[in-house]
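Structure, as structure tokens:
The values are calculated or read from the model by the stated rules, or taken from the named source; none is laboratory data. If you're wondering where the values come from, they're calculated on a predicted model, not measured in any experiment. We place every Cβ from the backbone using ideal geometry, glycine too, and count neighbours over all the protein chains shown. Please note that ligands, DNA and RNA were not included when accessible areas were found on the heavy atoms of the full protein model with its side chains. Shrake-Rupley method; radii C 1.70, N 1.55, O 1.52, S 1.80 Å.
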Amino acid sequence: MVEIDDTRLTTKSLDRLAKFLSHQQDNVSIVDQIPDGAHIFHGAYDDTELTQGNINLASKIALGMALGYVEEAPLIMLFEDAQGKQVILNLSTSIFGEQSHQLIETYQKRSRKKVASRLHLSA
């Protein structure tokens, strides 16, 4: 796995956000699709470092929300496709939401089983 420089990722994300906002001043339709309070991540078909870095960051935040130490909020990726159009992906529901809850449930089941086994109880 390639290590991603957090400073460079932040700079790239802020540059993309500035570009996005400057293009959206006249076209509010895409902005209206972003829920209030959302965490916004950027991705682009031609920048895998930015896209993968932000997916990694979003997955950490999703896990934090599932564990309860990060406040619940939508995770939105603004993805620029090959035609230069912005596509909005709701990562909370489409990708991370279900997987993080499954991870927590699996961990809880295994933990209960392990503790019960050590205490010689039936799981």
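Taking Lys85 as the anchor, which lysines have their alpha carbon closer than 29 Å to its alpha carbon, excluding any fewer than eight residues away along the same chain?
Here the lysines satisfying the reach criterion relative to Lys85 are Lys12, Lys19, Lys60.
Would you mind counting up the charge near Tyr107? Only other residues with Cβ under 14 Å from its Cβ, with Lys and Arg at +1 and Asp and Glu at -1.
+4
Using a cut-off of 14 Å between beta-carbons, work out the net charge of the residues near Arg118 (Lys and Arg +1, Asp and Glu -1, Arg118 not included).
Numbers: positive: Arg110, Arg112, Lys113, Lys114; negative: none.
Combined, the nearby Lys, Arg, Asp and Glu give +4.
Hey, rough spin-label estimate for Gln108 and Gln83, points 7 angstrom out along Cα→Cβ, what's it come to in nanometres?
Taking the simple label geometry, Gln108 and Gln83 are separated by 4.4 nm.
Within a Cβ distance under 11 Å of Tyr45, other residues only, what is the Lys/Arg minus Asp/Glu net charge?
Numbers: positive: Lys85; negative: Asp46, Asp47, Glu80, Asp81.
With Lys, Arg at +1 and Asp, Glu at -1, the neighbours total -3.
Quick one: ranking Asp47, Asp5 by accessible area, 1.4 Å probe, largest first, what do you get?
Ranked from most to least accessible, the order is Asp5, Asp47.
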